[in-house]
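Colleague: One structure is given below, represented as structure tokens, and several questions about it will come after.
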Amino acid sequence: MTTTTDAQIEQKSQGILKLERRRRITMGILFLAAAVFIWLVFASNVEPGMETRFMMNPGGGSAEAADWVFPSLAYLNMIAGILGLLGAFQIIRGFGKYTYGVLALVSILFIFGFLTWATAGGQTNLAGLLRVMVVRAVPLTLGAMSGILCERGGIINIAIEGMMLTSAFVSTVFASLSHSLIVGLLAGVLAGGLMGLIHGWLSIKHKINQIISGTVINIFATGITSFLSSKYIQKVEFQYLNEPGMFPQINVPILSEIPFIGPILFSHNMYVFAMFFFVIFLTFMLFKTRWGLRLRSVGEHPKAADTLGINVHRTQYMAVILGGLMAGFGGTYFSLGSSGRFDEVMTAGRGFIGLAAMIFGNWHPVGAMGAGLLFGFFDSLSAKASLLQVPLPSEFIGMAPYLATIIVLAGVIGRGHAPAAEGEPYEKE
Amino acid sequence: MEKTTENKKKSLSVFWDEFSSSNFLVILLAIFTGILLGGVLVAITTNEVYDAFRVSIWSGLGTALRTAWNTYVALFTGSVGDPEKIRLAFASGDQLAIRRAINPFFESLVQSTPYIFGGLAVALGFRAGLFNIGVEGQIFIGAATGVWAGYAIEGLPTIIHIPLAMLFGALGGALWGFIPGLLKAKTGAHEVITTIMMNYIAFRLVDWLLKFPMKDPNEFTPKTPWILETAKLPRLFDTPIRFHIGFFIAILMAVAVYYLLFKTTWGFELRMVGSNPNAARYAGVKITKTTILAMVLSGALAGMAGANEVLGVNYRLLPAFSSGYGFDSIALALLGKTHPLGVILSSLLFGFLRNGARSMQLAVGVPIDIVSILQAVILAFIAAPAIIRTIYRLREPKHKEDLVSLRSWKG
């Protein structure tokens, strides 16, 4: 170990300041670029007299809301102006700890601008889009929270996909056999926890590289679920194993009656409410309790944590198992919350996108949900691309969240925001 | 060197010591154990085994063994060919019958070819400390650019058209590797995330290309036109054997990667960046350049896998043409210990397994996905040799074995 002199510390903190400054300016330029893009691409394509009409009922909802009609060009110019101001302020002064909040605001405004442009001279069902967005965000957010639990404890989890897939399969079979959704749910959650335990066993006990260990779990989960699926539950004589049923839609009293917001937020099956609950609960647990502090200390500086008497390996096992349980819960969404059956590889890469949502959301549950909603929105929009007024192929809309992830990862997050000791097996001295 | 008998005996025991603590034995045992567990899985998912267990425990065990044995026999004849059939065919002297009988063997080689390219791509990345999960996307892009060069560029002789089309495939993949490489080197954006994102972008981009600009106007469903005769990789035998020269190109690339990694300064620098970036930096290696180049080469190899498939097997590009070659390649590269020769061997192993599994599924009804399970189990054993060493009570290795050196998101 080398001794760190004051001069070195000084140098290091200057380096950090420089990095902070560069990140601040990059973010500001990103905001300005959004403003310029709206102004050049969207506003210049809109005729002065055009109107944008948003429908505010998702269809079939009990609450009624009038359509929202406004002049397209004026709104676009206004949005570009706001974004420009935000960008200028970010470059000159910076929003400090509110930066991520402002980033979310900028994203929302930019998307609103996009919709205004894409709907100019026609109409879009805004409420329907947002409702689907919330639903699509569920598996991504739950997957991201699984990642957060593991990674805050210093274990990289790229096995979210495999954990979710296993859980989707197990929950289907158990729910079908027991005719009880709750039994299926519990079985799925436990299956996810078991996969988390295996991930921990491989990467903590055997110190396999955590990315490799995750890859093993992903390949294994794909193999075993597809194997058992084509051997049994996709066959006609075993059809009874693939009829788990689905959690019913719940209309929250009073709240679901609110026009526009009610049908979007308060009239879903239990997974949406569970997502909101877990985001709040996990934020509280991670940042306001001793348990969370310990978990994060293990992820940041296991040696220091060990010195203070925290059992690092036990904490890490707990983190991966909890992460597995969370991924397991997210996995049951596919079978019990969205399709009511199991199909081979039905998670279709959502676990990986959940991982991206975790990074996009800066390892914070609220940020992860924001990212999940953003991805969910594009998911929901690409399904409706043909209804827009502009000739934009659905494939390109579908690409947007991935492009956004790359841009944000490269431009804003880059190095150094992940838990510091992540990926390194801890060895007690 | 002189050797007395005593010395020889000693050297033999030294050899055994080395062997039992070597990686090689672990790999063999890992494969063996994986196949054993696969047999167990087959046995416990077969109804007849349970029926036999109801009769007596011995008949149950016997049936279980027989089931596993039959499965692997079907796997073997599916991947190599039925020896009896081959003998009869050669005895009859009928050319077509002979070709049919030996077809499984060559079909396995055809199956192995994209694995070799893909495995090399992942292995090269690992050597530079980069985890290229984006091979699947790079394969898609390489297939798209390769097939375009195959049908759109007309009037070239075969000798130019084929290398050109392969080059286009390589360039497409290289571009798809370049972007994550650049971002990693310049901003520290971790390549695992960026390559996963690039995968999804590639899938959607190719979907769109197939639907619009590259669609064959004579077809209703999204497909590209057939490639020209001059772009087809020549086949070495008549139908039904699809074996083509792509296999030899793959071997050639493996030799090239070996030479590059172990016989050139640049390869040394690349491995140095992979195993100890700080040392590399102090030694004056340009990490930025090395990282970008490694990703570009890795992507190029993956792109060639895609081009190889469209130019040698399918002759056109269809949606969802790759059955997960990219993801399998990760396991193969690790199984081959990220060494080009190892990659060839592991690609052959899984090429034969996959091809055999297809006929096995038809013959005895065991789903092809068993290969993925074998892959995962073997990979786990190879990544954690301690498990194998404990099971078989092997010696501890003399020095620490690290499969790969990857860094976490921080970069």
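The values are calculated or read from the model by the stated rules, or taken from the named source; none is laboratory data. Since this is a predicted model, take the numbers as computed values, not measurements. Glycine also receives a Cβ, built like all others from the backbone with ideal geometry; neighbour counts cover every protein chain displayed.
Colleague: Just the residues that are buried (at least 22 other Cβ atoms within 10 Å of the Cβ) and within 13 Å of chain A (Cβ to nearest Cβ), please, taken from the range B:328-353. Can you show your working first?
Modeller: Narrowing the range B:328-353 to residues buried (at least 22 other Cβ atoms within 10 Å of the Cβ): B:328-336, B:338, B:340, B:343-344, B:346-347, B:350-353.
Correct list: B:328, B:329, B:330, B:331, B:332, B:333, B:334, B:335, B:338, B:350, B:353.
Colleague: Could I ask something else about it? Please indicate, with yes or no, whether at least one residue in the range B:355-368 is within 14 Å of the chain's Cα centre (by Cα), crowded, with 24+ Cβ neighbours inside 10 Å and either within 14 Å of chain A (Cβ to nearest Cβ) or modelled with pLDDT of 90 or more (or both).
Modeller: Of all residues in the range B:355-368, those within 14 Å of the chain's Cα centre (by Cα) come to B:355.
Narrowing further to those that are crowded, with 24+ Cβ neighbours inside 10 Å: B:355.
Within this subset, residues satisfying the condition of being either within 14 Å of chain A (Cβ to nearest Cβ) or modelled with pLDDT of 90 or more (or both) are B:355.
For the range B:355-368, residues within 14 Å of the chain's Cα centre (by Cα), crowded, with 24+ Cβ neighbours inside 10 Å and either within 14 Å of chain A (Cβ to nearest Cβ) or modelled with pLDDT of 90 or more (or both): present.
Colleague: Before we move on, is residue A:222 within 14 Å of chain B (Cβ to nearest Cβ), closer than 24 Å to residue A:145 by Cβ and surrounded by 18 or more Cβ atoms within 10 Å (Cβ to Cβ)?
Modeller: yes
Colleague: When you look at residue B:208, is it modelled with pLDDT of 90 or more, part of a loop (DSSP other than H, G, I, E, B) and of a type in the set (Phe, Trp, Tyr), yes or no?
Modeller: Details: modelled with pLDDT of 90 or more: yes; part of a loop (DSSP other than H, G, I, E, B): no; of a type in the set (Phe, Trp, Tyr): yes.
So residue B:208 fails the test.
Colleague: Right, here's the next one. Of all residues in the range A:225-248, how many are among the small types (Gly, Ala, Ser), more than 9 Å from chain B (Cβ to nearest Cβ) and under 29 Å from residue A:148 (Cβ atoms)?
Modeller: Number satisfying all stated conditions: 0.
Colleague: What number of residues within the range B:120-152 satisfy the criterion of being in contact with a Phe, Trp or Tyr (Cβ under 9 Å, 6 or more places away or on another chain), farther than 20 Å from residue B:232 by Cβ and assigned to a helix (DSSP H, G or I)?
Modeller: Residues meeting the conditions: 8.
Colleague: Something else now. Limited to the range B:46-81, what total is found for residues that are assigned to a loop (DSSP other than H, G, I, E, B) and buried (at least 17 other Cβ atoms within 10 Å of the Cβ)? Please lay out each step first, then the result.
Modeller: Let us first name the residues in the range B:46-81 that are assigned to a loop (DSSP other than H, G, I, E, B), namely B:46, B:56, B:81.
Still in the running and buried (at least 17 other Cβ atoms within 10 Å of the Cβ): B:46, B:81.
Matching residues across the range B:46-81 total 2.
Colleague: To continue, here is another question. Here is a list of conditions, (1) buried (at least 24 other Cβ atoms within 10 Å of the Cβ); (2) closer than 29 Å to residue B:227 by Cα; (3) within 14 Å of another protein chain (Cβ to nearest Cβ), and residue B:211 meets all of them except one; can you say which number that is?
Modeller: (1)
Colleague: Also, I was wondering about something else. Suppose we filter the range B:380-400 for residues that are within 11 Å of chain A (Cβ to nearest Cβ) and modelled with pLDDT under 80; how many remain?
Modeller: Going through the range B:380-400 one residue at a time, the tally reaches 1.
For (1) within 21 Å of residue B:259 (Cβ to Cβ); (2) crowded, with 24+ Cβ neighbours inside 10 Å, each residue gets a yes or a no:
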residue	(1), (2)
B:97	no, no
B:106	no, no
B:118	yes, yes
B:130	yes, yes
B:133	no, yes
B:139	no, yes
B:163	yes, no
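Colleague: Which ones in the range B:43-66 are more than 27 Å from residue B:386 (Cβ to Cβ) and within 14 Å of chain A (Cβ to nearest Cβ)?
Modeller: Once the filter is applied, which keeps residues that are more than 27 Å from residue B:386 (Cβ to Cβ) and within 14 Å of chain A (Cβ to nearest Cβ), the range B:43-66 yields B:43, B:45, B:46, B:47, B:48, B:49, B:50.
Colleague: Have a look at B:247, B:237, B:212 and point out the one that is of a type in the set (A, V, I, L, M, F, W, C) and free of Cβ contacts under 8 Å to residues at least 40 places away in the same chain.
Modeller: Step by step, each of B:247, B:237, B:212 is checked, and only B:212 is of a type in the set (A, V, I, L, M, F, W, C) and free of Cβ contacts under 8 Å to residues at least 40 places away in the same chain.
Colleague: Only helices (runs of 4 or more DSSP H) wholly contained in the range A:289-378 count here; list those with 2 or more residues that are surrounded by fewer than 23 Cβ atoms within 10 Å (Cβ to Cβ).
Modeller: A:290-300, A:302-307, A:312-332
Colleague: Let me ask something else. Residue under question is residue A:409, and the condition is that it be buried (at least 21 other Cβ atoms within 10 Å of the Cβ) and over 20 Å from residue B:134 (Cβ atoms); does it hold? Spell out how you get there, then give the answer.
Modeller: On the way: buried (at least 21 other Cβ atoms within 10 Å of the Cβ): yes; over 20 Å from residue B:134 (Cβ atoms): no.
Taking the combined requirement at face value, the residue does not satisfy it.
Let's see how each residue does on (1) under 25 Å from residue B:327 (Cβ atoms); (2) touching a Leu at 6+ places or on another chain (Cβ under 8 Å); (3) among the polar types (S, T, N, Q); (4) at the interface with chain B (Cβ under 8 Å from one of its Cβ atoms):
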| site | (1), (2), (3), (4) |
| --- | --- |
| A:179 | no, no, no, no |
| A:188 | yes, yes, no, no |
| A:198 | yes, no, no, no |
| A:202 | yes, no, no, yes |
| A:208 | yes, yes, no, yes |
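Colleague: Collect the residues in the range B:236-265 that are within 23 Å of residue B:123 (Cβ to Cβ), touching a Leu at 6+ places or on another chain (Cβ under 6 Å) and outside any helix (DSSP H, G or I), keeping them in residue-number order.
Modeller: B:245
Colleague: With the structure loaded, tell me whether residue B:304 is out of contact with any Ser or Thr (no Cβ under 7 Å at 6 or more places or on another chain) and over 18 Å from residue B:150 (Cβ atoms) or whether it fails that test.
Modeller: No; evaluated as a whole, the condition is false for this residue.
Colleague: Is one or more of the residues making up the range B:155-176 at pLDDT below 90, at the interface with another protein chain (Cβ under 8 Å from one of its Cβ atoms) and not in a helix (DSSP H, G or I)?
Modeller: no
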